[in-house]
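The values are calculated or read from the model by the stated rules, or taken from the named source; none is laboratory data. Source: prediction; values computed, not measured. Positions of Cβ are backbone-derived with ideal geometry, glycine not excepted, and every protein chain shown enters the neighbour counts.
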Amino acid sequence: MMIQVEQLTKYYDDLCAVDHIDLTVKRGEILGLLGPNGAGKTTTLRMLTGYFLPTSGTIRVKEHSVHERPKQIKQLMGYLPESAPLYHGMFVYDYLNYVANIRGLDRTQKEARIHHLAKLCGLEHIMHRAISELSKGLKQRVGLAHAMMSDPEILVLDEPTSGLDPNQIVEIRDIIREIGREKTVILSTHILPEAEAACDRVVIINKGRIVADGPTELLKQSGRSETTLFVSLKNAPAETAVALLSEIDGVQSVQEQSEASTETLTALKLTCPSDPDPRELVYNAIKKTDWVLMEFRQESKTLETIFQELTKEN
Amino acid sequence: MQQVLHIFRKEFTDYFISPIAYIVIAVFLLITGWFSFSTFFIYNQAELRGFFQLLPFVFSFVIPALTMRLFSEELNVGSYETLLTLPVTTGDIILGKFFAAVAFVAVMLLPTVSYPIFITFLGDLDTGPVLGGYIGALCLGGAFSAVGLFASSLTRNQIIAFIIGMIICFTLAILDQMLIFFPGKIVSVISYLSAHNHFENIAKGIVDSRDLLYFLSVVFIALFATSLVMEEKK
């Protein structure tokens, strides 16, 4: 067990930010911490990394407790805070050099490590520019290099892709997946496709409490009792198509989607129970006609909908 | 200890990356130079008393200006979070920053060494008070740096940090001239608290352990208070 969190609680004066959280993270896992704004994601990560002390509860990283040996824990972890706050006046190379010194790397190790990270994070052409001149995406990459300096066993990333453009997001995500092969990675995000794409396991927190915890695949399947099929047909009159498809066993409702339909194309949305699989029956029914099947897809329940259900106001 | 050194080196070079260092050194030399030498030839004495007498007052403005950014800026930008999740303790950070400030004060005093050298050409300079003066100046600079660092830990706003630091330093500097406002019984206590008093003693050329102890105490109390403030933020 890499990280073990028990009954973790944090109060800011009267405000309870994190409320009795239990969490274990295994070695080599990529864990996504999801939640709406102000749910307690950042506070949880800050306690894990030793920036905040918990009001109550324990955190154990390997055999070290955060109360007794914070310095050992900090040595095992690399942390990228939200929006990568770095020293503005420094040059990128000087900054990385400073971090390497504090991390206790010796001279020969240091040069090799800085060089390697510059290559991995794509910093080679900006090593001699001031951090204040960099764009947000570049700063984020410097922050990532900072977090990985000592080749830590655990990497904690707070919203690593916020504010980046789509290309940069893909790049950062690739880097994270690359690191995740051998390291334990914990990342927080409120972008769901990101968690879906990058994480093995997802923990959803809301108002300081864990509301869901499970492997990404399992979480996506949970509570999926009905499914939605989208069908586009050519040369099919809308009324006849609706009538025919409604006849099929198990199809609960058929709606025409007028915004997606054109003169020759009829778009339909079918709601059916997910078990037994309705797709075969629907396809067979269409095959018997002379309509042309232009599109046939199933919408699975995304994390998005699960997230909305779990974090909705009661 | 290694960590203190790394932080010290970073903070010290930071002074010279930004224009702050050069501005502050220029202002310091201009003010002390003008006020101590405008009357130098009128008195016609080969001594540096005028210069050293000014230091407590000039330092109480200049040093808080040097130390105001040390914590405030990091808290404001958020880089303190990054720093604290590296394997360093609050103590390492405070000491590193403190020594960087003191070292900068020493650098700032360096050009003024030309004054005594220059005066030896004009007359017979008593080296005792000059040496004492510089020792006292470093003690005073250390105490005020610690106070300034404390002020900086209190707020994210550098201007507020400067004003708080300046008020405390200036109070320490003028306290012994305000003695008439205090009741007789506590005058000796108040007089002991005055930094000016202790600095004057050392600047006479008498390096007494009591005066050194006073400056060490101020440094210790201010740095300890800083560490309490920073720990509280956790």
Problem - Options B:ILE160, B:ILE168, B:ILE94; residue that is over 16 Å from the mean Cα position of the chain (by Cα) and under 29 Å from B:ARG9 (Cα atoms) - result: B:ILE160
Fill in the blank from the handout: Subset of the range A:163-187, residues surrounded by fewer than 15 Cβ atoms within 10 Å (Cβ to Cβ), farther than 16 Å from A:ALA145 by Cβ and within 14 Å of the chain's Cα centre (by Cα), comes to A:VAL170, A:ARG177
Exercise for the section: Filter the strands (runs of 3 or more DSSP E) completely within the range A:1-81 down to those with at least 3 residues that are surrounded by fewer than 22 Cβ atoms within 10 Å (Cβ to Cβ). Expected result: A:3-12, A:15-25, A:56-61
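Considering only residues of the range B:43-90 that are within 13 Å of chain A (Cβ to nearest Cβ) and small (Gly, Ala, Ser), which is surrounded by the fewest Cβ atoms within 10 Å (Cβ to Cβ)?
B:GLY78
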Fill in the blank from the handout: Given the conditions (1) in contact with an Asp or Glu (Cβ under 9 Å, 6 or more places away or on another chain); (2) β-branched (Val, Ile, Thr); (3) more than 11 Å from A:VAL231 (Cβ to Cβ), every one holds for A:THR266 apart from (3)
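Residue-by-condition table, conditions (1) touching a His at 6+ places or on another chain (Cβ under 7 Å); (2) within 11 Å of chain B (Cβ to nearest Cβ):
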| site | (1), (2) |
| --- | --- |
| A:LEU48 | no, yes |
| A:TYR51 | no, yes |
| A:SER56 | no, no |
| A:LYS62 | no, no |
| A:GLU68 | no, no |
| A:GLN72 | yes, yes |
| A:LEU76 | no, yes |
| A:GLU82 | no, yes |
| A:PHE91 | yes, yes |
Exercise for the section: Answer yes if at least one residue in the range A:105-123 is modelled with pLDDT under 85, within 25 Å of the chain's Cα centre (by Cα) and facing chain B (nearest Cβ under 10 Å), and no otherwise. Expected result: no
Practice task
Return the residue satisfying two criteria in turn: it lies in the range A:11-23 and is of a type in the set (Asp, Glu) and touching a residue at least 60 places away in the same chain (Cβ under 8 Å), and of such residues it is nearest to A:VAL203 (Cα to Cα).
Solution key: A:ASP22
Practice task
Please state which of the following conditions B:ILE117 fails to meet, knowing it meets all the rest: (1) away from every other protein chain (no Cβ under 14 Å); (2) surrounded by 15 or more Cβ atoms within 10 Å (Cβ to Cβ); (3) without any contact (Cβ under 8 Å) to a residue 40 or more places away in the chain.
Solution key: (2)
Handout entry: Pairs, first part of a strand (DSSP E or B) in the range A:155-174, second aromatic (Phe, Trp, Tyr) and crowded, with 22+ Cβ neighbours inside 10 Å, C-beta under 7 Å, six or more apart
Key = A:VAL156/A:TYR79
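Could you identify the single residue in B:PHE41, B:PHE35 that is free of Cβ contacts under 8 Å to residues at least 60 places away in the same chain and over 25 Å from B:LEU172 (Cβ atoms)?
So the residue among B:PHE41, B:PHE35 that is free of Cβ contacts under 8 Å to residues at least 60 places away in the same chain and over 25 Å from B:LEU172 (Cβ atoms) is B:PHE41.
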Handout entry: Some residue of the range A:83-91 being over 22 Å from B:ARG9 (Cβ atoms) and either at pLDDT 85 or above or out of contact with any Asp or Glu (no Cβ under 6 Å at 6 or more places or on another chain) (or both)
Key = yes
Exercise for the section: Determine if the range B:67-79 includes at least one residue that is among the aromatic types (Phe, Trp, Tyr), without any contact (Cβ under 8 Å) to a residue 24 or more places away in the chain and either farther than 23 Å from B:PHE118 by Cβ or out of contact with any strand residue (DSSP E or B) (no Cβ under 9 Å at 6 or more places or on another chain) (or both). Expected result: no
Practice task
Give B:MET108, B:MET178 a once-over and let me know the one that is without any contact (Cβ under 8 Å) to a residue 60 or more places away in the chain and not β-branched (Val, Ile, Thr).
Solution key: B:MET178
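Any residue in the range A:24-42 that is within 12 Å of another protein chain (Cβ to nearest Cβ) and either of a type outside the set (Val, Ile, Thr) or touching a residue at least 60 places away in the same chain (Cβ under 8 Å) (or both)?
yes
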Practice task
Only residues that are facing another protein chain (nearest Cβ under 9 Å) and of a type outside the set (Ser, Thr, Tyr): list them for the range A:93-104, please.
Solution key: A:ASP94, A:VAL99, A:ASN101, A:ILE102, A:ARG103, A:GLY104
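For (1) surrounded by 19 or more Cβ atoms within 10 Å (Cβ to Cβ); (2) touching a Phe, Trp or Tyr at 6+ places or on another chain (Cβ under 6 Å); (3) of a type outside the set (D, E, K, R), each residue gets a yes or a no:
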site: A:HIS125; (1), (2), (3): no, no, yes
site: A:LEU134; (1), (2), (3): yes, no, yes
site: A:MET149; (1), (2), (3): yes, no, yes
site: A:ASP158; (1), (2), (3): yes, no, no
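Taking the range B:9-37, which residues are within 11 Å of chain A (Cβ to nearest Cβ) and either closer than 30 Å to B:GLY91 by Cβ or small (Gly, Ala, Ser) (or both)? Walk me through it before giving the result.
Initial filter on the range B:9-37 (within 11 Å of chain A (Cβ to nearest Cβ)): B:9-11, B:13-20.
Result: B:ARG9, B:LYS10, B:GLU11, B:THR13, B:ASP14, B:TYR15, B:PHE16, B:ILE17, B:SER18, B:ILE20.
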